[in-house]
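Report on the structure given below.
The values are calculated or read from the model by the stated rules, or taken from the named source; none is laboratory data. Keep in mind the model is a prediction, meaning the values are calculated, not measured. Quick reminder, even Gly has a Cβ in these numbers, built from the backbone with ideal geometry, and neighbours come from all protein chains shown.
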Amino acid sequence: MDGTPSNAGPQKEPIFNAPPVVVGLAVLLVALFALFHWTRPEIQDLIIRNYAFVPGRLTVSVWPARAIDLLIRARSDPAALEQVRAMRELHALDGGAMPWTLLTYAFLHGAWSHVLLNTVWLLAFGPPVARRFGSARFLVFMGVTAIAAALAQWAIGPMDFMPLIGVSGADSGLMGGAARFMFQPGAPLGQPTSRRRDIEDIPAAPLRAMLTDPRARIFLVIWLLTNFVFGAFARSLGLSDMPVAWVAHLGGFFAGMLIFPLFDRTGKVGTAT
């Protein structure tokens with residue numbers, strides 16, 4: 001017996017009790033943006049060209065005929081002409097596919113509001129996932145979801161030459177992963193239980209059980225609607241001065257939800273109900 005009363009409610013985790021790996025990553029993101037922000041414009045352009053993910057660059061590297069077709073259409077199509085200009089500004093025909101940009105784009109941000117919002121998001125959803133995974137698996141998980149987010153954006157705009165930057169796709173992956181256990185009984189957003197349950201001891205919900213849980217369903221619907229509205233109308237509503245890659249958010253979120261069991265070192269899965 002540990003002396004804890006059987007009727008004691010679950011104890012609350014401190015709000016800012018984030019594991020070192022999460023704090024370190026948050027500090028790194030802010031520091032990298034500060035260096036980027038205060039460097040010369042020509043260096044900023046060079047960084048974007050070499051480390052941001054550009055869907056169109058990947059496409060024309062894999063299928064060069066798409067670039068030729070675009071150049072032909074640019075003679076009579078103003079939209080194609082704009083794509084050609086963007087392609088040339090980014091030197092998208094040079095350097096090959098640059099596959100590392102599928103990951104490095106997540107370390108770049110376009111404004112202080114951008115990096116701070118994404119850092120808050122990281123600090124909100126990163127700690128519970130990091131506690132379950134441990135530092136190494138947590139970082140790999142974020143990397144995989146960042147890649148999935150970039151590929152989702154590529155899938156819907158293969159000839160888009162707008163650079164993709166920001167860690168929000170991987171942050172969305174953390175949300176998708178956290179959804180697998182945060183609504184379980186005894187978890188912070190689940191039904192309260194008579195005894196304390198640490199994050200590491202809460203079984204992950206099977207997908208079918210999670211999708212039938214009312215709390216989880218409400219969370220999914222609200223997140224999907226918010227993501228769509230913010231992504232589709234952020235610029236027109238004055239909430240952002242740049243396009244929001246909401247499809248990348250979806251890619252990261254669903255990737256995090258699906259691959260969560262591959263990284264969960266607890267190995268605990270609840271029963272499907």
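Summary table
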{"item": "Residue identified as at pLDDT below 85 and surrounded by 17 or more Cβ atoms within 10 Å (Cβ to Cβ) among Ala67, Ala106", "result": "Ala67"}
{"item": "Some residue of the stretch 114-127 being closer than 26 Å to Leu58 by Cβ, modelled with pLDDT under 95 and in a loop (DSSP other than H, G, I, E, B)", "result": "no"}
{"item": "Where Phe133 falls short, out of the listed (1) in contact (Cβ under 8 Å) with a residue 24 or more places away in the chain; (2) farther than 22 Å from Asn50 by Cβ; (3) within 15 Å of the chain's Cα centre (by Cα)", "result": "(3)"}
{"item": "Considering residues of the stretch 22-40 that are aliphatic (A, V, I, L, M) and surrounded by 19 or more Cβ atoms within 10 Å (Cβ to Cβ) only, the residue nearest to Ala111 (Cα to Cα)", "result": "Leu29"}
{"item": "Candidates Ala92, Ala111, Ala86, Ala97 - the one that is modelled with pLDDT under 85, in contact with a helix residue (DSSP H, G or I) (Cβ under 9 Å, 6 or more places away or on another chain), surrounded by fewer than 19 Cβ atoms within 10 Å (Cβ to Cβ) and of a type outside the set (Val, Ile, Thr)", "result": "Ala86"}
{"item": "Residue within the stretch 41-53 that is of a type in the set (Lys, Arg) and either at pLDDT 85 or above or surrounded by 12 or more Cβ atoms within 10 Å (Cβ to Cβ) (or both) present", "result": "yes"}
{"item": "Among residues of the stretch 115-152, those that are hydrophobic (A, V, I, L, M, F, W, C) and touching a Pro at 6+ places or on another chain (Cβ under 7 Å), counted", "result": "1"}
{"item": "Close pairs (8 angstrom Cβ cut-off, 6 or more residues apart or separate chains): over 13 Å from Met162 (Cα atoms) in the stretch 78-96, part of a helix (DSSP H, G or I) and hydrophobic (A, V, I, L, M, F, W, C) anywhere", "result": "Ala80/Leu70; Leu93/Val60; Leu93/Ala67; Leu93/Met87"}
